[in-house]
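Derivation of every value follows stated rules applied to the coordinates shown; laboratory data play no part. Keep in mind that this is a model prediction, so the values were computed, not measured. We place every Cβ from the backbone using ideal geometry, glycine too, and count neighbours over all the protein chains shown.
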Amino acid sequence: MKKTNNDPINRLIDCIRFQFAKDRKLKYKIALVVIILIGATGIHMKSSNADTIKLDKTEKVKEKERPQGTDEFYIDISGAVNSPGVYKVKKKTRVFELIEKAGGLKADANLDALNQAEFVQDGQKIVIPSNGGGDSNKESEDKSNNDGGMININLADKSKLMSLPGVGDAIAQRIIDYRKDHRFSKVEDLKQVKGIGDATFEKLKNMITV
């Protein structure tokens, strides 16, 4: 009979059959080994999953125990509000929310001169103006006039701003428009307004305050 390339495989199969025929318990031994291996694998996987769940629970507990920042600060509000005073507010509080804390606006409050959507800042002083030149307007005017002869760029009206060197009607209006959404925290912030360059700022920096 002619041999083929499959002869080695056939011999291996015949050998296995011979061993099974010689020792009938061999197949049970092999089955037992397979069962043991499967069981060990299952136990290992269960243990790994348990460790993962335990780790997740530990991380969640640590997250709960981690202190949360309050991000709170104080704002002083006065003028045409029902309950002026100093209030503690959270970060990203807007002017209208602060007004609500202060008991709401008075009937003569000038809403046209107020940006209620603006974010408040730590330590900020907010004066709510009133119509007809009420006490709140007088308070702003007095503060602007009592800064040692310097002009407060956060409070001065257009005519006072135009008294500064290099500031005309257009730039004065830009300053007023700018402070509706921002507060000058330092005099150098004035250079953020279009038209106020280094040369102009040098001329007026000793005449202004915030």
Q: Mind listing the long-range amide H neighbours of I128? Cut-off is under 5 Å, sequence gap 5 or more, other chains count too, H placed in the peptide plane at 1.01 Å from N.
A: S78, G79, A80
(Q) If I take R0 = 22 Å and measure r between the Cβ atoms of K203 and A170 in this structure, what FRET efficiency does the formula 1/(1 + (r/R0)^6) give, to the nearest 0.05? (A) 0.85
**Q.** 26 Å Cα-Cα threshold exceeded, pairs from K106/K191; K91/K158; K125/K186; K88/K205; K92/K203
**A.** K106/K191; K91/K158; K88/K205; K92/K203
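Between A40 and V210, what length in nm is gained on full extension when 0.36 nm per residue of separation is reduced by their alpha carbon distance? It would help to have the intermediate numbers written out before the result.
Working: separation 170, 0.36 × 170 = 61.20 nm, distance 7.56 nm.
Length gained, A40 through V210: 53.6 nm.
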